[in-house]
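Report on the structure given below.
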Amino acid sequence: MSPKTITGRLAGACGWFTSLTSLAQSPFLLLVRLYWGWQFMQTGWGKLHHLAQMTQFFTNLGIPAPGPTALFVGLVEFCGGLLLILGLGSRLTGLVLTVNMMVAYFTADREALQSVISNPGKFYGADPYTFLFAAVLVLIFGPGWFALDTWIARVCPAPAAGRGRSLHGR
């Protein structure tokens, strides 16, 4: 068998494998959105129903206006989680939740944030890590095909001129 034939077969196999694994992208993004949307909703709900404790916690962290900030963070997490589940405004929601989790690292887990290079285990072992990771996934890859964003983009297409990538990341 010639090297050209072997290279062609390898390229074909790689192309087939890439196509096959690409089929998993949208179902995977749906699972991420459903699971972590629910987790964000639960944490937001908990904050909203324990505002006095959250206000005290934010006061201890030295966060300005701890009462309104606790309410705001609870609403961001609850509503953001709901929007993730629905796949509505997904990239913007991913951005808002990413910023929220970075602020959580900066204020409540600064030591873990500062050890991202020197002790990565401490960074990814911190509470905000998986929430941050899920938010960044949706921010970068979009919601996938199984989302209201995708349905809206299909039903109400934007004019082609001046339009970048679609809402669903394709």
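Values quoted throughout were computed directly from the atomic coordinates according to the rules given, and no laboratory measurement underlies them. The model shown is predicted, which means the values in this text are computed figures rather than measured ones. Positions of Cβ are backbone-derived with ideal geometry, glycine not excepted, and every protein chain shown enters the neighbour counts.
Annotations for the structure displayed:
- Counted residues, the stretch 72-86 - those being farther than 19 Å from T130 by Cα and touching a residue at least 40 places away in the same chain (Cβ under 8 Å): 1
- Residue in the stretch 50-63 that is surrounded by fewer than 12 Cβ atoms within 10 Å (Cβ to Cβ), assigned to a helix (DSSP H, G or I), of a type in the set (F, W, Y) and more than 20 Å from the chain's Cα centre (by Cα) present: no
- Scan of the stretch 108-147 for residues that are β-branched (V, I, T) and within 25 Å of L92 (Cα to Cα), ordered by number: T130, V136, V138, I140
- Among the conditions (1) under 30 Å from L23 (Cβ atoms); (2) outside any loop (DSSP other than H, G, I, E, B); (3) not hydroxyl-bearing (S, T, Y), the only one that P143 does not satisfy is (2).
- In the set (1) in a loop (DSSP other than H, G, I, E, B); (2) surrounded by fewer than 17 Cβ atoms within 10 Å (Cβ to Cβ), L82 fails one condition alone, (1).
Results for (1) without any contact (Cβ under 8 Å) to a residue 12 or more places away in the chain; (2) touching a Gly at 6+ places or on another chain (Cβ under 9 Å); (3) closer than 24 Å to L31 by Cβ, shown as yes or no for each residue.
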| residue | (1), (2), (3) |
| --- | --- |
| P64 | yes, no, no |
| A70 | no, no, no |
| L95 | no, no, yes |
| F106 | yes, no, no |
| L139 | no, yes, yes |
| G142 | no, yes, yes |
| C156 | yes, no, no |
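- Considering residues of the stretch 1-48 that are farther than 15 Å from A135 by Cα and touching a residue at least 40 places away in the same chain (Cβ under 8 Å) only, the residue surrounded by the most Cβ atoms within 10 Å (Cβ to Cβ): S26
- L75, sole failed condition from (1) surrounded by fewer than 16 Cβ atoms within 10 Å (Cβ to Cβ); (2) farther than 22 Å from W45 by Cβ: (2)
- Condition check for F106: among the aromatic types (F, W, Y) and buried (at least 20 other Cβ atoms within 10 Å of the Cβ): no
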